[in-house]
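Have a look at the structure below before the remarks.
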Amino acid sequence: MSLSLRPVAVDDLADLQPLDAAYAREMGVEPAVEAASLGFFARTGHAFVAESDGRAQGAVFAQAVWDGVRPTVRVSRVIGSPEARRALAEAVVKSAYDAAVYDLVAEVPAADESLAALLSAARWSECPTRRFARVLGSRATPGSDATPGPRAVRGPRAIQGSPTDGGTA
């Protein structure tokens, strides 16, 4: 199969939603492909679709973030066939390098052993960190807002709140 890569676009919603939904079910995470998320990632310069014969075979969703020290490209989702995921991971490395961003991190569901192996083989190294999340407000689980529901797998959206609901501004 010959793959071509291109930037993700909002018009990819119908092709990518089923791929992402299947991945989310298999990994036990929340689906990430929505019109709004595609609109966001289309502007990052680090999100791509892998195609073969005009059909989406996978996608990577990444963005550059600044932590006050240096920029980092953060990969939040890599979906698709093994060949597509390999090509998409390489595309993110190239896009980061071309943007003069030399640090990359990938959030990989614990159940996604194949992506972990792919990244390890491509000289990414696993970081000895743990991720904590807390859901506040109307999305919090009744009686226990410290135990995040399935939406917490998204990342930064799970760490939000206001002083009125116990969060920080």
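The values are calculated or read from the model by the stated rules, or taken from the named source; none is laboratory data. Treat the numbers as computed from the prediction; the structure is a model and nothing was measured. Glycine gets a Cβ as well: all are built from the backbone with ideal geometry, and neighbour counts include every protein chain shown.
Can you find, within region 117-157, the residue that is farthest from L104 (Cα to Cα) among those that are among the β-branched types (V, I, T) and at pLDDT 50 or above?
So the first thing to find is which residues in region 117-157 are among the β-branched types (V, I, T), and the list is 129, 135, 141, 147, 153.
Narrowing further to those that are at pLDDT 50 or above: 129, 135, 141.
On the way: T129: 15, V135: 26, T141: 32 Å.
Checked region 117-157; the qualifying residue farthest from L104 (Cα to Cα) is T141.
Only residues that are of a type in the set (D, E, K, R) and touching a residue at least 24 places away in the same chain (Cβ under 8 Å): list them for region 76-109, please. Can you show your working first?
First, pick out the residues of region 76-109 that are of a type in the set (D, E, K, R): 77, 83, 85-86, 90, 94, 98, 103, 107.
Those that are of a type in the set (D, E, K, R) and touching a residue at least 24 places away in the same chain (Cβ under 8 Å): R77, E83, R85, R86, E90, D103, E107.
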Residue satisfying all of: in region 91-110; among the small types (G, A, S) and modelled with pLDDT of 95 or more; surrounded by the fewest Cβ atoms within 10 Å (Cβ to Cβ) among these: A100
Failed item in (1) loosely packed, with under 11 Cβ neighbours inside 10 Å; (2) free of Cβ contacts under 8 Å to residues at least 12 places away in the same chain, with C127 passing the rest: (2)
